[in-house]
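The values are calculated or read from the model by the stated rules, or taken from the named source; none is laboratory data. Small disclaimer: the values here were computed from a predicted structure and weren't measured. Positions of Cβ are backbone-derived with ideal geometry, glycine not excepted, and every protein chain shown enters the neighbour counts. SASA here: full protein model, heavy atoms, side chains in, ligands and nucleic acids out. Shrake-Rupley method; radii C 1.70, N 1.55, O 1.52, S 1.80 Å.
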Amino acid sequence: MSAFQWRRPGLDMLIAAAAAAAGAASIVLGPPSDLPWATWVLVEASALTLGLARTLPVVALAVNVVLIVVTDVVVPGTSHVAPLVAALTLGVVAYRCGTVTTVVSWATTFAAVLVSVGRDAGALLAGADGALRILSAAMAIAAPVAFGRYLAALRQAAAVAEARAREAEERRLVETRAARMTERAHLAGDLHDLVAHHVSAIALTAGSAQYAATHAPDQEERLDAALAGITSIHESARQALVDLRGLLQILRDPSAPDLLMDPEQMITDAVERSRTAGLDIDLTHDERVTRAPLALRITAARVMQEALTNALKHAGPGSSVAASVAVSDDRLLIDVTNTVRPEPTPDLPPSGHGLTGMRERVEVLGGTLAAGPTGNGWQLSAALPLAVRP
């Protein structure tokens, strides 16, 4: 319960007014008093302290402890409002305050009751029966204390449960955010791997077709070169759309089967597109690779796509490429080596994420990736352990 709810003055005034009305009714319906004005003052004073019970319970209890004794001295036997209000206020003290304050409050109230009872009829507290009456009084005064502590325990348990629920919700949000970021990174990698290769092939094919169309010796050869280039560009663009539709379907329905998870076909398509764009590729594909875990085969296909994309960008049409995907002992090996033509290649903007993304993907599976210049070209090699990390 919030501090605002505990301190609403309107509710405190309503409680005080209701208690005052109940006190007045007890005076009117109770036995007559020799000092009616004193009875009214003491009873109403005790009743009005309930208005302080929520905000100042210890003060309200202290006032009522005093009023128990004063009422018994001034108008003995005429009203029990002060003990009743003291019991109610003692329950609030037990609910709101700590153990030490609660014990002291109970002892003070118990002492005031004993003083009042002993003063009126001290013989009632003597002997075995008196001890029993004292014990009964102690238990009666302890009842509101027990009830208040019980409510306090419930409040504390509810607060702990609420805090744990908030922590669990925060953890869930953090985990969900992390999962979304991971999925975004995965999708970004897929977009790069699938689309960049197609775009590079389209750009290289267009450049080759343009060169052939402008430098062919006769008109017929120029038309043939232009037609071949347009056909290749059309096929690459069509395949890029198919791949993008597959990614979009996965985004719309994550439970749908992944349409892009045929690694061997991905390698074959990448090689064919690169050959159409002008690379002279010699591919060696070990049949044992098809028995490797799917995650490794997909990663191998992605690495092959990236290596061929880099060859298209930097080596240019006419370059020779030796590519292989093989199994050796307990590893799956990918190797792509290409020569570099002396002629300048078309100026294609780098993605900035290709090799870095491939290296991260390979390292997640416990593998390694290396890329760098050779004597007359460039080599990219990767090794993946066949025992995939859980």
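Here are the numbers:
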quantity: Hey, T309 modelled with pLDDT of 70 or more, hydroxyl-bearing (S, T, Y) and surrounded by fewer than 20 Cβ atoms within 10 Å (Cβ to Cβ) or not; calculated: no
quantity: Unmet requirement for L11, which otherwise passes all of (1) at pLDDT 85 or above; (2) under 22 Å from R155 (Cα atoms); calculated: (1)
quantity: Residue that is modelled with the highest pLDDT, among those in segment 347-373 that are open to solvent by less than 50 Å² (accessible area, probe 1.4 Å) and not in a helix (DSSP H, G or I); calculated: L369
quantity: First in segment 146-169 and free of Cβ contacts under 8 Å to residues at least 12 places away in the same chain, second anywhere and part of a helix (DSSP H, G or I) and of a type in the set (G, A, S), Cβ under 9 Å, 6 or more apart; calculated: Y150/A94
quantity: Residues being part of a helix (DSSP H, G or I), polar (S, T, N, Q) and over 16 Å from T49 (Cα atoms) - total across segment 63-104; calculated: 3
quantity: Any hit, segment 141-148, residues being farther than 19 Å from T101 by Cα, among the small types (G, A, S), open to solvent by less than 60 Å² (accessible area, probe 1.4 Å) and at pLDDT below 90; calculated: no
quantity: In segment 74-114, the residues that are in contact with a Pro (Cβ under 9 Å, 6 or more places away or on another chain), open to solvent by 30 Å² or more (accessible area, probe 1.4 Å) and of a type in the set (G, A, S); calculated: G77, A87
